[in-house]
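First up is the structure itself, then whatever we jot down about it.
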């Protein structure tokens, strides 16, 4: 035994006289574009138990009672942890995260009554801005059995009780952000207590290696303004630099505080958040777009020579087609050209030109601006949306396409589904006269700037549509987006949308897409309110606050000028 099985008993003796602790590697820091910290790690005290020592404790209920008195955690919860801890596990199990220094001192003072119990410091993920950027950053949590199996199959080094990214960037860049854990081994007496202080034995350490940092395109100041401006509205705001596709802000509400997950979220709070779909990233979810689609219809009609730029049509409360009534949002009667129809979002104008158009034309135009496909941003949490045509309807609904479907499609209704991210990409492409930017959230100069160089439409068609979008904000339905002095001279172009939906307090989703400055766009926004009402009154004021903050920060002027 001494000779043949020497190594076996040497290891057993070592494990009996020492205990190991993982030195958790701090995750990499996540910065915004200006170096502001959005996610970091802080050292906290953690109450732990060593399963191989706890297994030898005869009176576990008494031990659980003592720990409950010292930490104020429920006795039943502690007993369950102690009683189910697998003694074969060499690493400790966590009883409580982020305990107070006063609680740690009580543990040390009573260590002779607490065999196998210890306090150690570990890095805890910390999010300084809480819920404001949570749908960008995501959160971390302890790996579960299913995830452990997936990581094992992918040959990724993840062990039981590791903290991993669970959503958004924390998940997408988990391998980058996660460092390499170290190990600490200390020599202990039969109670599992260290006797390094009363002997010449020293702890053995293999230091942890911190994860890599990442820098985002996000501007946390713009992010905060967008978050606050949305208020209690369930919805989203996306702010983009149309010149290079950098996302300056991405907000989804309701939101959640990711710090709750790092510390261990109570189930009751998790349920409350789940009920309001706080974990749903509405910026990447598909919704009926309504009238923000009308610039697509206008470009298509102009390019296909269905309508000339100055041709006036009679608009009213409704038109009849195929025995059905197609309504407008107002009954006011007038004659309008296509620019005025965009400015005032008159459905009956677009119904009339839609009668002369094929649905395939509209679908092709929408797809040329990236609608119907994911933007590919790095949080990997988005829908493709839907751009329907007769083939789509036949395949998915087993129904033919009716002429009335084309009328509905022309005003952004029908089966059309667009995400706020796609809407931001679309309005950026229109602002750029066909150059559709590749949206990204990681600051990387090597990234390609554009997804498409759209050559579908002529400069003259863009001239007309741009003028219509400018009129929309100057004196049409988007007037609430105009900025206050001294920035009121900066021209904004945009389009409101109020998409008809059922099952909400209000009968419409609210939308607003816009870009500025009109002459040389450098910021584009897409604002969405889920079942919130009208885009002009709900979303345009949100855009105003975002524009105001952007120009104050990046183009400051003297308020007296």
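Restricting to the range 378-407, name every residue that is touching a strand residue (DSSP E or B) at 6+ places or on another chain (Cβ under 6 Å) and within 17 Å of residue 238 (Cα to Cα).
378, 385
Do any residues in the range 463-487 that are over 22 Å from residue 549 (Cβ atoms) have Cβ atoms under 6 Å from those of residues that are surrounded by fewer than 19 Cβ atoms within 10 Å (Cβ to Cβ), where the two are at least six apart or on different chains, and which pairs are they?
Listed by first residue and then by second, the contacts come to 464/309.
Residue-wise test of (1) at pLDDT below 85; (2) touching a helix residue (DSSP H, G or I) at 6+ places or on another chain (Cβ under 6 Å); (3) under 30 Å from residue 55 (Cα atoms); (4) buried (at least 19 other Cβ atoms within 10 Å of the Cβ).
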residue	(1), (2), (3), (4)
169	no, yes, no, yes
192	yes, yes, yes, yes
197	yes, no, yes, no
214	no, no, no, yes
228	no, no, no, no
233	no, no, no, yes
240	no, yes, no, yes
252	no, yes, no, yes
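For residues in the range 87-130 being in contact with a helix residue (DSSP H, G or I) (Cβ under 8 Å, 6 or more places away or on another chain) and farther than 23 Å from residue 54 by Cα, which is modelled with the lowest pLDDT?
It comes out as 124.
Give the range 285-311 a look and list any residue that's assigned to a loop (DSSP other than H, G, I, E, B) and either touching a helix residue (DSSP H, G or I) at 6+ places or on another chain (Cβ under 9 Å) or not assigned by TED's automatic domain parsing to the domain that holds residue 458 (or both), or say none.
Those that are assigned to a loop (DSSP other than H, G, I, E, B) and either touching a helix residue (DSSP H, G or I) at 6+ places or on another chain (Cβ under 9 Å) or not assigned by TED's automatic domain parsing to the domain that holds residue 458 (or both): 285, 286, 289, 304, 306, 307, 308, 309, 310, 311.
Residues 66, 125: which one is within 31 Å of the chain's Cα centre (by Cα), in the same structural domain as residue 176 (by TED's automatic domain parsing) and touching a residue at least 40 places away in the same chain (Cβ under 8 Å)?
Residue meeting the stated conditions: 125.
Buried (at least 16 other Cβ atoms within 10 Å of the Cβ) and under 20 Å from the mean Cα position of the chain (by Cα), is that true of residue 422?
For residue 422, the condition - buried (at least 16 other Cβ atoms within 10 Å of the Cβ) and under 20 Å from the mean Cα position of the chain (by Cα) - is met.
Among the residues that make up the range 486-495, is at least one of them buried (at least 17 other Cβ atoms within 10 Å of the Cβ), modelled with pLDDT under 95, in contact with a strand residue (DSSP E or B) (Cβ under 8 Å, 6 or more places away or on another chain) and within 19 Å of residue 297 (Cβ to Cβ)?
no
State all residues of the range 426-436 that are in contact with a strand residue (DSSP E or B) (Cβ under 6 Å, 6 or more places away or on another chain) and either surrounded by fewer than 22 Cβ atoms within 10 Å (Cβ to Cβ) or assigned to a helix (DSSP H, G or I) (or both); if no residue qualifies, say none.
If the condition is that a residue be in contact with a strand residue (DSSP E or B) (Cβ under 6 Å, 6 or more places away or on another chain) and either surrounded by fewer than 22 Cβ atoms within 10 Å (Cβ to Cβ) or assigned to a helix (DSSP H, G or I) (or both), then 427, 428, 429, 431, 435 are the ones that fit.
May I ask you to say which residue of 532, 510 is in contact with a helix residue (DSSP H, G or I) (Cβ under 6 Å, 6 or more places away or on another chain), assigned to a loop (DSSP other than H, G, I, E, B) and over 12 Å from residue 494 (Cβ atoms)?
Of the residues listed, the single one that is in contact with a helix residue (DSSP H, G or I) (Cβ under 6 Å, 6 or more places away or on another chain), assigned to a loop (DSSP other than H, G, I, E, B) and over 12 Å from residue 494 (Cβ atoms) is 532.
Regarding the range 346-358, can at least one residue be identified that is surrounded by fewer than 18 Cβ atoms within 10 Å (Cβ to Cβ) and at pLDDT below 95?
Looking for residues that are surrounded by fewer than 18 Cβ atoms within 10 Å (Cβ to Cβ) and at pLDDT below 95, one finds none in the range 346-358, hence no.
If residue 3 satisfies every condition in (1) within 29 Å of residue 170 (Cβ to Cβ); (2) modelled with pLDDT under 85; (3) part of a loop (DSSP other than H, G, I, E, B) but one, which is the exception?
Condition not satisfied by residue 3: (1).
Applying the selection to the range 226-276, what residues are more than 24 Å from residue 124 (Cα to Cα), in contact with a strand residue (DSSP E or B) (Cβ under 8 Å, 6 or more places away or on another chain) and assigned to a helix (DSSP H, G or I)?
Within the range 226-276, 226, 227, 229, 230 meet the criteria.
From the list 535, 531, which residue is at pLDDT 95 or above, in the same structural domain as residue 252 (by TED's automatic domain parsing), on the phi > 0 side of the Ramachandran plot and touching a strand residue (DSSP E or B) at 6+ places or on another chain (Cβ under 9 Å)?
531
Please verify whether residue 415 is assigned to a loop (DSSP other than H, G, I, E, B) and surrounded by 16 or more Cβ atoms within 10 Å (Cβ to Cβ), treating the condition exactly as stated.
The answer is yes for residue 415.
It is to be established whether one or more residues within the range 507-514 are assigned by TED's automatic domain parsing to the domain that holds residue 471, within 16 Å of residue 412 (Cα to Cα) and at pLDDT below 95.
Among the residues of the range 507-514, at least one is assigned by TED's automatic domain parsing to the domain that holds residue 471, within 16 Å of residue 412 (Cα to Cα) and at pLDDT below 95, which makes the answer yes.
All but one of (1) more than 30 Å from residue 227 (Cα to Cα); (2) surrounded by 13 or more Cβ atoms within 10 Å (Cβ to Cβ) hold for residue 109, so report the exception by its number.
(2)
Mind telling me which of the residues 370, 331, 322, 327 ends up being crowded, with 18+ Cβ neighbours inside 10 Å and either in the same structural domain as residue 512 (by TED's automatic domain parsing) or under 26 Å from residue 420 (Cα atoms) (or both)?
Answer to the check: 370.
The values are calculated or read from the model by the stated rules, or taken from the named source; none is laboratory data. As the structure is a computational prediction, the values presented were derived from the model and not from experiment. Here the Cβ is made from the backbone with ideal geometry for all residues, glycine too, and neighbour counts use every protein chain on show.
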